[in-house]
Amino acid sequence: MDREVYDTMRRIERDHWWFAARRQILADRIAALHLPADAAILEVGCGTGGNLEMLSRFGRVRAIEPDAESRAYAARGGVEVQDGLLPEGLPRFEAPFDLVAAFDVIEHVDDDLASVAALSRLLKPGGYFIATVPANAWMWSRHDELHHHKRRYALPAFRALFAQAGLTVEKATHFNTLLFPPIAAVRLVKAAMGDTAGGDDAMPSAGLNALLRRVFALERGLLGVLDLPFGVSILLVARRPA
């Protein structure tokens, strides 16, 4: 990603509604997994480290991040953050992991299948892989370009990546569903107007930010009991066969 995107992420990811509610949703999904106490966890593409504190509630966390400035910033919290690139440039680890997390990472790589396969090899037998990506190719926008996305996914295609890598998919669902109508409408209007002004990372007013966070976070309960049929993003949990 561009330097500006990393810098914006560092400024807003603690409080911005999308980051904050997504962390709540991801924490609930991880808590539902059968992880051992003090699980070995790897976050790939941790950016400026906004998820590391949340992940640390579930075990011993290590991370990979290719951007040097973001890597140094993320490591300030005490988590070991190593350099590395998917799929061929991953560091070597002395032991496999109980959980590998890739939150909005796989859409950035040229070879997504090779990347999923490379990360699957870092899992213990029975270990979990949790990933999120943006959904719906028709929602492509200036935001995707600024973030250097290669693609947005259809759910069946994303699910197939993990099956082809030899993993068992345990949950595959859309999310950011409740706010999908207004987000989709804004994207379509911008596309029709040829808007190239920027991405979607601006911090809204405090009141609007709190409202959007509450609405998005309501999906925590929904995702605990069902898979959502549409949404702005995709969430997938897979497992390496024991």
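The values are calculated or read from the model by the stated rules, or taken from the named source; none is laboratory data. In this text the structure is predicted, and so the values were computed from the model without any measurement. Heads up, the Cβs are rebuilt from the backbone with ideal geometry, glycines too, and the neighbour counts pull from every protein chain shown. Remember, those area values only see protein heavy atoms, side chains included, never the ligands or the DNA or RNA. Shrake-Rupley method; radii C 1.70, N 1.55, O 1.52, S 1.80 Å.
For this structure, a couple of remarks:
- Calculated [θ] (222 nm, deg cm²/dmol) that DSSP helices of n ≥ 4 give over the chain, each run adding -39,500 (n - 2.57): -11000 deg cm²/dmol
- Sites Asp110 and Arg214 - FRET efficiency at Förster radius 35 Å, r taken between beta-carbons, to 0.05: 0.40
- The local environment of Ala157, defined by Cβ-Cβ distances under 14 Å, has a net charge of +2 under the rule Lys, Arg +1 and Asp, Glu -1.
- Choice from Phe158, Phe93, Phe129 showing the highest fluctuation, given a GNM over the chain with Cα pairs closer than 10 Å: Phe93
- For segment 7-17, the Karplus equation 6.51 cos²θ - 1.76 cosθ + 1.60, evaluated at θ = phi - 60°, returns couplings of 5, 5, 4, 4, 6, 10, 5, 6, 10, 4, 3 Hz by residue, with Gly and Pro reported as x.
- The Cα atoms of segment 1-135 give a gyration tensor whose axes a ≥ b ≥ c have a/c under 1.5, which makes the shape rounded.
- Vicinal HN-Hα couplings computed from phi for segment 85-90 (Karplus, 6.51 cos²θ - 1.76 cosθ + 1.60; Hz; Gly/Pro x): 9, 8, x, 8, x, 6
- DSSP loop GluC sites (Glu not before Pro) with at most 11 other Cβ within 10 Å: longest gap in the chain: 95-242
- Max mean-square fluctuation residue, GNM over the chain, Cα-Cα springs under 10 Å, options Thr132, Thr177, Thr48: Thr177
- C-alpha center-to-center spacing [segment 142-221, segment 5-25] in angstrom: 13 Å
- Among Leu55, Leu218, Leu208, residue whose mean-square fluctuation peaks in a GNM of the chain (springs only between Cα atoms under 10 Å): Leu208
- Close amide-amide hydrogen proximity is noted between Glu43 and Arg62, Ala63, Ile64, Ala101, each under 5 Å apart and 5 or more residues distant or on a separate chain (H modeled in the peptide plane; Pro and chain starts excluded).
- For Ala135, nonlocal amide neighbours, meaning residues 5 or more places apart or on other chains whose placed amide H falls under 5 Å from its own, are Tyr153, Ser233, Ile234.
- Only Lys, Arg, Asp and Glu carry charge here, each on its Cβ (+1 for the first two, -1 for the last two); on that basis segment 77-206 has a dipole of about 440 debye about its Cα centre.
- The charge dipole of the chain, taken about its Cα centre with unit charges on the Cβ of Lys, Arg, Asp and Glu (plus for the first two, minus for the last two), comes to roughly 640 debye.
- To put it simply, the accessible area of the chain at a 1.4 Å probe is 55 percent carbon and sulfur.
- With N the number of residues in the chain, Rg(Cα) / (2.2 N^0.38 Å) evaluates to 0.96.
- Surrounding net charge for Arg60, when Lys and Arg each add one and Asp and Glu each subtract one, Cβ distance under 14 Å: -3
- Cα-based reach from Lys190 at 21 Å (exclusive), listing lysines while leaving out same-chain residues under 8 positions away: Lys150
- Segment 73-161: trypsin sites (Lys or Arg not before Pro) falling in loop per DSSP and having at most 11 other Cβ within 10 Å: Arg92
- Once both labels are positioned 7 Å from their Cα atoms along Cα-to-Cβ, the gap between Ser56 and Val225 label points is 3.5 nm.
- Placing R0 at 45 angstrom, the Cβ-Cβ distance between Val169 and Ala68 gives a FRET efficiency of 0.85 after rounding to 0.05.
- Looking at the chain, the DSSP beta bridges with both ends there are about 45 percent antiparallel.
- Distance-filtered residues of segment 108-137 - backbone nitrogen under 15 Å, label point 7 angstrom along Ala154 Cα→Cβ: 135-137
- Charge tally around Val169: other residues with Cβ under 13 Å, Lys/Arg +1 each, Asp/Glu -1 each, net +2.
- The chain: relative contact order as a whole-number percent, Cα under 8 Å and 6+ apart: 23 percent
- Accessible area in square angstrom per residue, segment 129-206, 1.4 angstrom probe: 48 Å²
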